[in-house]
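For reference, the structure discussed in these notes is given below.
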Amino acid sequence: MSITFTLLILLIGALVLLGLQVALCLLKPVWPGLVLPALCLGYAVFMAMNVAAVGSLLESAVTMALTFLLCNVPTVILLLIFLLCRKGRSSKKQLDKMNIQDL
């Protein structure tokens, strides 16, 4: 399998994941939009706990912290999508309330 094909598959997978996150955020209840960030956070905790303890305690702690931070990049991106979708929805809801009061 060529590297181009692998990168194309990864790009398509990432776009599908982002589209799914936007679709979940646009649903009326709040909790579906938090499912994917929670899964990513759980994955980050899992990866940080599976860091091999080699070297000193300080080296292991730094490795765990860096692993946790790097694995949380998708979590932060998904939470930003969640907040942006909810902000747009909230401002639309306030505009609808104002229009109803004007009637």
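The values are calculated or read from the model by the stated rules, or taken from the named source; none is laboratory data. Computed from a predicted model, the values in this text were never measured in an experiment. Positions of Cβ are backbone-derived with ideal geometry, glycine not excepted, and every protein chain shown enters the neighbour counts.
Selection of the stretch 41-61 for residues being at pLDDT below 90 and of a type in the set (Val, Ile, Thr) yields 51, 54.
Of the residues examined, residue 81 is one that is in a helix (DSSP H, G or I) and either in contact (Cβ under 8 Å) with a residue 60 or more places away in the chain or in contact with a strand residue (DSSP E or B) (Cβ under 7 Å, 6 or more places away or on another chain) (or both).
For the stretch 1-46, residues that are touching a residue at least 40 places away in the same chain (Cβ under 8 Å) and of a type in the set (Gly, Ala, Ser) total 1.
Being surrounded by 12 or more Cβ atoms within 10 Å (Cβ to Cβ) and not in a helix (DSSP H, G or I) is the filter here; which residues of the stretch 28-74 pass it? The answer is 51, 72.
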